[in-house]
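Engineer: To start, I am sharing the structure in question, which I have written as structure tokens.
The values are calculated or read from the model by the stated rules, or taken from the named source; none is laboratory data. Keep in mind it's a predicted model, so treat the numbers as computed, not measured. FYI the Cβ positions are ideal-geometry reconstructions off the backbone, even for glycines, and counts take in every protein chain you see.
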Amino acid sequence: MGDAFAGYLANFETVYHINGQQTVELNGDTATGTAYCLVVLIADEAGKKIKNTSGVTYHDEYVRRDGKWLIAKRTSNFAWRDRQELGHSRDRRKDLGIGSCHPSDIRVVTPTRL
């Protein structure tokens with residue numbers, strides 16, 4: 001499986017996996033969990049840079065072997081996808097959709113317990 005995944009990723013010149021929230025429920029040497037991820041893949045297609053972005057939810061089953069936690073099974077749910085050609089901007093950050101953030105743009109949210 002690892003070789004197949006590496007072969008797939010070899011099609012892209014840039015690969016980002018930006019991991020977000022994750023929940024895990026432990027049960028001895030096994031566990032289940034849900035992880036949220038933003039996946040950005042950039043490829044050269046016919047001389048054009050194409051950015052593929054996906055919002056992914058992973059539903060995982062874990063197992064502890066020899067003191068290490070491993071993913072035993074993963075089910076991927078691609079909630080949404082976006083595909084766009086990158087421009088020829090001199091500002092690579094703009095092409096990648098990365099903007100600047102001013103401290104006044106940040107809002108702190110205090111979680112509440114249900």
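Engineer: Taking only pairs six or more apart or across chains, which ones have beta-carbon atoms under 7 Å, a first residue in segment 59-73 that is farther than 9 Å from THR32 by Cβ, and a second residue that is surrounded by fewer than 13 Cβ atoms within 10 Å (Cβ to Cβ)?
Structural biologist: So the pair list comes out as VAL63/ASP29; VAL63/LEU70; ARG64/ASP29.
Engineer: Within segment 20-43, track down each residue that is among the aliphatic types (A, V, I, L, M) and exposed (fewer than 13 other Cβ atoms within 10 Å of the Cβ).
Structural biologist: Result: VAL24, LEU26.
Engineer: Same structure, new question: In segment 1-32, which residue that is part of a helix (DSSP H, G or I) and among the small types (Gly, Ala, Ser) is nearest to ALA46 (Cα to Cα)?
Structural biologist: GLY7
Engineer: Within the bounds of segment 44-56, is there any residue that is loosely packed, with under 14 Cβ neighbours inside 10 Å, in contact with a strand residue (DSSP E or B) (Cβ under 9 Å, 6 or more places away or on another chain) and at pLDDT 95 or above?
Structural biologist: Checking segment 44-56: not a single residue is loosely packed, with under 14 Cβ neighbours inside 10 Å, in contact with a strand residue (DSSP E or B) (Cβ under 9 Å, 6 or more places away or on another chain) and at pLDDT 95 or above.
Engineer: Moving on. Mind checking which residues of segment 60-114 are among the acidic types (Asp, Glu), modelled with pLDDT under 80 and part of a loop (DSSP other than H, G, I, E, B)?
Structural biologist: Within segment 60-114, just ASP91 meets the criteria.
Engineer: Would you mind stating whether TYR62 is under 12 Å from the mean Cα position of the chain (by Cα) and not aliphatic (A, V, I, L, M)?
Structural biologist: On the way: under 12 Å from the mean Cα position of the chain (by Cα): no; not aliphatic (A, V, I, L, M): yes.
Criteria not met by TYR62.
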